[in-house]
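The values are calculated or read from the model by the stated rules, or taken from the named source; none is laboratory data. Every value quoted in this text rests on a predicted model; they were computed, and no experiment measured them. All Cβ positions, glycine included, derive from the backbone under ideal geometry; neighbour counts span all protein chains shown.
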Amino acid sequence: MSKDKPNKIRYDCSRCPGYCCTYPRIEVKGSDVKRLAKHFGIPKKEAERRFTRLYEPGERILRHRKDDVFDSICRFFDTEERRCTVYPARPQVCRDYPNGPRCGYYEFLKFERKHQDDPDFVPSA
Ligand code: SF4
Ligand code: SF4
């Protein structure tokens with residue numbers, strides 16, 4: 001019998017500076033805004049205004065904040081701890097990513113860290 005476990009998770013977000021959270025176009029649906037509003041105990045309209053902006057008609061995205069590692073990152077990202085601050089209430093697109101057992105960014109990170117012989121190296125994407 002093969003020892004391969006094809007569905008085993010091959011990435012470790014705790015060792016990653018948060019590449020996926022730098023994506024400029026992180027789409028949020030109405031249900032995502034509702035979840036965030038509930039998480040913060042505020043009205044949905046307020047959550048929509050504070051946390052999101054219109055990218056184009058019919059598409060709302062998460063607002064960003066400044067980051068020293070990357071220029072810009074999701075407004076919910078803790079830039080000191082390098083982690084999501086709304087993990088239980090994060091949007092569906094964040095829950096789904098990377099849509100499989102491997103994360104392309106993490107593969108890149110692992111490769112560069114090995115190549116540089118530095119386990120903490122942070123290459124720009
Ligand atoms: S880029 Fe990949 S490894 Fe890094 S935080 Fe996102 S999902 Fe996790
Ligand atoms: S909500 Fe959390 S997981 Fe999603 S992009 Fe922002 S910081 Fe990353």
Select from the stretch 65-77 the residues that are within 16 Å of Ile26 (Cβ to Cβ) and either among the acidic types (Asp, Glu) or within 11 Å of the chain's Cα centre (by Cα) (or both) and list them in ascending order.
Asp67, Asp71, Ile73, Cys74, Arg75, Phe76, Phe77
Across the stretch 11-26, the tally of residues that are surrounded by 15 or more Cβ atoms within 10 Å (Cβ to Cβ) and either over 18 Å from Val86 (Cα atoms) or away from ligand 1 (no atom under 16 Å from the Cβ) (or both) stands at 1
Pairs, please: C-beta under 6 Å, at least 6 apart or cross-chain, first residue of a type outside the set (A, V, I, L, M) and in the stretch 35-62, second more than 12 Å from ligand 2 (Cβ to nearest atom) and not in a helix (DSSP H, G or I)?
Thr52/Arg60; Arg60/Leu54
Give the stretch 1-41 a look and list any residue that's of a type in the set (Ser, Thr, Tyr) and assigned to a loop (DSSP other than H, G, I, E, B), or say none.
Ser2, Tyr11, Tyr23
Given the structure, is Tyr97 within 15 Å of the chain's Cα centre (by Cα) and among the aromatic types (Phe, Trp, Tyr)?
yes
Please find, among Pro57, Pro91, Pro98, Pro123, the residue that is modelled with pLDDT of 95 or more and either within 12 Å of ligand 1 (Cβ to nearest atom) or closer than 13 Å to Pro17 by Cβ (or both).
Pro98
